[in-house]
1. For segment 188-254, what are Rg and Dmax over the alpha carbons, in angstrom?
2. Based on the mean of other beta carbon atoms within 10 Å per residue, what is the order of 93-99, 25-31, most packed first?
3. Given the Cα-Cα distance of Ala28 and Lys3 and 0.36 nm per residue of separation, how much length would full extension add, in nm?
4. So what is the relative contact order of segment 28-251, in percent, for Cα pairs below 8 Å that sit 6 or more residues apart?
5. Say the dipole of the chain comes from +1 at the beta carbon of Lys and Arg and -1 at that of Asp and Glu; which of Ser221, Cys12, Gln169 then lies farthest toward its positive end?
6. From the helices alone, meaning DSSP H stretches of at least four residues, give me the mean residue ellipticity at 222 nm for the chain, per-run term -39500 (n - 2.57), in deg cm²/dmol to the nearest 500.
7. Which cross-chain or sequence-distant (5 or more) residues have an amide H under 5 Å from the amide H of Glu16, H modelled 1.01 Å from N in plane?
8. Given segment 73-196 reduced to its alpha-carbon atoms as identical point scatterers, what log10 I(q)/I(0) does the Debye formula return at q = 0.16, 0.20, 0.22 Å⁻¹?
Amino acid sequence: MSKPGRNDPCYCGSGEKYKKCHMKADKAAEEENRKLEEAAKWLPQDFLRFAQEEHFAIPFARALSIYWNGHYTFENAERMSPNEASRFADWFVFDYKDEESSRIIDIYYEDSYEELSEHQQRVLTAWLTAPPASAYELIAYNGQNLALRDFFSGSEVEVYEPAGHGPVQPGDLLLARIVPVSDKLKFSAVAAYLPQDEIADLKEKMAQALAADEEEFPGTSEVDAFRRNSHLIIHHALDQAEIKGRPPVADSDPNRADELVRKASTQMRKLQQRLR
Ligand SMILES: [Zn+2]
């Protein structure tokens, strides 16, 4: 919606000028959303700081091997690309449960809630009940708004993604977690994606895993069961990459070093141009 000018008639139809009518309330709402968005950017960084505390070292190591199916372990964790690290951290905080312990986000809530700002508290509270990471089919996009369908449940959502749809085409799957931020839904970490010709038996695999889960944890909630198995979506993507002959993780990409060198030399060139 485009905003009226200060002296234009207000959109509400009161007949008053905008500045005398809804302008003040609109500005306050914008400021409120800005603060919530800032809190939503800050929280994952603080989760990561918290999750790296020493007493989480063993769960962290266990979770790494589980999530990456052995491609990354505690020994080579520092070789994850920034996006890989952010996706893993997101799963570790929101979905992983070490043995009978609570999720990191629940422990964080107990530990840190009182020290957070009001906006950080509001975002954190909303995120406690955010659904597990899942796979979402891109149905359509309009700029930064992505219409998505949960690949497993079929429910539809609209997500605001500042980077737009990127290389993802309708029919492809976005692997991500959706969280509420101010008046929008967003991804909690950089989404991975699965091209539509690599979806293969993902649905069947998940159905099998959930059936096995039901035997192990009878009477468990659907959400808890899915949370315990959400990393299988990543395992599927890693397997598909190997089948297609792509490196499943950045660490095993033979071009990665070249890429880093290329990036460094581009920056160097830009710097030289500026200095000329
Ligand atoms: Zn008005």
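1. According to the Cα coordinates of segment 188-254, Rg and Dmax are 14.1, 46 Å.
2. 93-99, 25-31
3. Stretched out fully, the Ala28 to Lys3 stretch lengthens by 7.6 nm.
4. The normalised contact order for segment 28-251 reaches 20 percent.
5. Checked the options; the winner is Cys12.
6. Rounded to the nearest 500, it is -15500 deg cm²/dmol.
7. For Glu16, whose amide H was placed from the backbone, the distant partners under 5 Å are Cys10.
8. The Debye formula, applied to the Cα set alone, gives -0.87, -1.20, -1.31.
Just so you know, all these numbers are worked out from the coordinates, no wet-lab data involved. Please read these numbers as outputs of a predicted model, since none were measured by experiment. Glycine also receives a Cβ, built like all others from the backbone with ideal geometry; neighbour counts cover every protein chain displayed.
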